[in-house]
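These notes concern the structure reproduced below.
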Amino acid sequence: MNFELSHPNAECNGKICITGSKSESNRLLLLQAIFSGLTIENISKSDDSLVMQSALKSDSEVVNIHHAGTAMRFLAAYFAHLDGREVLLTGSRRMQQRPIKILVEALQAIGASISYEKEDGFPPIRIHGKKLKGGKVSLPANTSSQYISALLLIGPVLENGIQLELKGKITSLPYINMTLALLKNLGVKTKFKDQNIRVKPQQNPIIINQVVESDWSSASYFFSVVALSDQSEIYLTSYKNDSLQGDRVLRDIYSQLGVVSSIEEETLKLKKEAIDLPRVLHCDLTNTPDIAQTIAVSCYGLGIGCKLTGLHTLKIKETDRLEALYNELTKLGANIKVTNNSLELTAGINFVYNCSIPTYNDHRMAMAFAPLAIKVPLIIEDVEVVSKSYPTFWKDLEQINFKINRI
């Protein structure tokens with residue numbers, strides 16, 4: 001299904017309840033499977049988290065995680081440590097194009113039995129679960145933080161725990177810190193110093209109820225809405241000032257785009273403020289690459305330039321996000337350049353009306369471009385894709401007066 005989007009007056013006001021963080025939910029779901037008795041509240045309603053829950057409950061030999069990249073990485077580690085369990089872990093066509101070699105080799109280094117069913121280095125993978133001793137593993141620091149977190153999450157149940165030596169510049173550091181914080185909440189002893197991370201074995205964890213904070217990545221689209229509006233006041237629940245999520249940096253970035261934010265009693269308030277915008281917004285998104293699409297579209301809609309760096313992981317997401325941004329922003333009238341690691345948008349307003357934006361089977365493409373309808377009517381294709389992370393997204397847009405015509 002395709003949606004035709006517009007907005008009548010560029011004013012957006014309302015209160016929206018956003019589902020729990022997908023990143024926190026999937027980590028806690030894996031820990032729940034490892035440590036029985038752990039309870040979780042406000043679990044993400046995203047497809048990825050539903051897939052994760054289903055896979056963890058499955059006793060089938062074939063486990064298909066479809067498009068869920070986090071589930072692929074976390075479950076590879078989880079099934080590798082289940083003694084006697086054999087699993088063929090597979091996914092969608094795109095998932096079978098996304099590399100997993102670094103993680104597989106790291107798991108093999110601590111004794112895992114994993115082989116490739118088709119192309120070396122890519123899913124599907126066949127896993128013969130066995131009791132793993134753990135130990136020391138070296139891997140590139142600029143690899144996906146999900147590989148690192150997958151290894152850390154099984155660390156407490158490995159005989160010798162796990163010690164990771166990261167070589168080079170670390171990517172997506174907040175996600176690694178999130179994993180370590182969730183482990184510490186269970187009483188697991190961890191240490192992160194310089195380029196080394198250690199998780200010690202834990203036989204008797206502290207079983208406490210875990211409450212998942214709402215997703216900051218999902219909040220990013222409303223930061224964009226407020227930035228692009230003439231006047232807005234939007235309230236989002238439930239958020240914390242001491243959030244574990246790296247995408248909380250949105251508050252600092254969007255303050256440069258006229259969005260004033262505050263958190264009181266777990267409600268995040270966003271309000272439009274008239275300010276002098278920068279001619280060019282500079283952001284290093286090494287630690288928060290998932291918000292790159294949203295920022296790029298916001299800057300285009302405001303007529304300012306941006307220089308975004310630290311984007312090398314975007315090429316192996318649900319789609320090549322850099323190529324997708326280049327294609328669709330160029331179609332809309334933008335002057336944009338991309339490399340393997342960066343995106344540069346030239347300042348200027350040159351809207352092309354009623355463009356149809358394909359979503360490339362990527363939830364973030366759909367949601368990043370949707371706020372632009374405040375400035376220019378457009379069509380979003382294959383809108384169902386948002387269910388991967390934010391199933392109620394379109395309904396929530398309608399709450400703040402977006403006009404959606406189903407075509």
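Structure above, values below:
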{"read-out": "Within the range 1-37, considering residues that are assigned to a loop (DSSP other than H, G, I, E, B) and hydrophobic (A, V, I, L, M, F, W, C), the one modelled with the lowest pLDDT", "value": "Phe35"}
{"read-out": "Odd one out for Ser217 among (1) more than 26 Å from Cys299 (Cα to Cα); (2) touching a residue at least 40 places away in the same chain (Cβ under 8 Å)", "value": "(1)"}
{"read-out": "Residue tally, condition within 22 Å of Ala292 (Cβ to Cβ) and not aromatic (Phe, Trp, Tyr), over the range 195-233", "value": "13"}
{"read-out": "Long-range neighbours under 6 Å by Cβ, at least six apart or interchain, first residue under 30 Å from Val385 (Cα atoms) within the range 82-95, second in a loop (DSSP other than H, G, I, E, B) and of a type in the set (Val, Ile, Thr)", "value": "Gly91/Ile65"}
{"read-out": "Total residues in the range 175-204, condition closer than 20 Å to Leu132 by Cα and either in contact with a His (Cβ under 7 Å, 6 or more places away or on another chain) or part of a loop (DSSP other than H, G, I, E, B) (or both)", "value": "7"}
{"read-out": "Whichever residue in the range 287-318 is over 13 Å from the mean Cα position of the chain (by Cα) and hydroxyl-bearing (Ser, Thr, Tyr) and, among such residues, is farthest from Phe222 (Cα to Cα)", "value": "Thr309"}
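The rows are residues; the columns are (1) closer than 29 Å to Lys395 by Cβ; (2) at pLDDT 95 or above.
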| residue | (1), (2) |
| --- | --- |
| Gly303 | no, yes |
| Lys307 | no, yes |
| Glu344 | no, yes |
| Asn350 | no, no |
| Ser356 | yes, yes |
| Glu384 | yes, yes |
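The values are calculated or read from the model by the stated rules, or taken from the named source; none is laboratory data. Every value quoted in this text rests on a predicted model; they were computed, and no experiment measured them. Counting neighbours? That spans all protein chains shown, and the Cβs are built from the backbone with ideal geometry, glycine included.
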